[in-house]
């Protein structure tokens, strides 16, 4: 009696499932990078203009114009630089889902930004009263255009912080979804880092 050999059946392997992966760079960081790249080009042009005027003039600033308030602006710069700390901690709190803490820290950041603008505006009023106006030649024009453009960016950043603070208070962010908050934080880093270059260039050089 012959026995038929039965070929062993092969078990089919389950199909390989490839889980979708998120983007290497988040959409928030990519958008923030594009914004900062455009703004950096703008300030590169303004700084280039300032340096052309600065290097083409023997006496800078002109002797008949008031000196810039270096000490007050240096102290005011510390305020802006210090504001980076609560903003950074606010982003960390959002990533952990601690929206109450993030709201308080972002609010503190906005207040420090407003203080920076208030002190700067007060000093500008004093400079104008002492004769340094936008029409005072290359020095006055270059100063107010360059520093005024940065002040405008700080104002935009403060308004942005105010908006994300309200949204965080209303629970519009979470540990999984906080792109708007992250973009705002990156922009705040940008305006602070920008001032770190503008202050010594305009007030000390």
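Between region 131-194 and region 45-60, what is the separation of their alpha carbon centroids in Å? Answer, in whole Å: 25. Relative to the longest principal axis of the Cα atoms of the chain, the long axis of helix 84-95 makes an angle of roughly 20 degrees.
Taking R0 as 41 Å, what's the FRET efficiency between residue 27 and residue 59 from their Cβ-Cβ distance, rounded to 0.05? Kindly include the intermediate steps, with their values, before the conclusion.
On the way: r = 50 Å, r/R0 = 1.22.
Efficiency, from the Cβ-Cβ distance: 0.25.
Restricting the calculation to Cα atoms, region 38-160 shows an Rg/Rh of 1.07 when the hydrodynamic-style radius is the Kirkwood one.
Relative to the longest principal axis of the Cα atoms of the chain, the long axis of helix 179-199 makes an angle of roughly 30 degrees.
Just rank 190, 173, fewest to most, by other beta-carbon atoms within 10 angstrom.
190, 173
D by Stokes-Einstein for the chain, Kirkwood Rh over Cα pairs, 4 °C, 1.567 mPa s: 64 µm²/s. The slack between residue 156 and residue 72, meaning 0.36 nm per residue of separation minus the straight C-alpha distance, is 27.9 nm.
Across the chain, C-alpha contacts under 8 Å between residues 6 or more apart give a mean separation that, scaled by the residue count, equals a relative contact order of 30 percent. Computed extension length for residue 37-residue 92: 17.4 nm, one decimal, from 0.36 nm per residue of separation with the Cα-Cα distance subtracted.
Every read-out reported here was derived from the displayed coordinates using simple, explicitly stated rules and does not represent laboratory data. Predicted model, so just to flag it, every value in this text is computed and none were measured. Note that each Cβ is placed from the backbone with ideal geometry, even for glycine, and that neighbours are counted across all protein chains shown.
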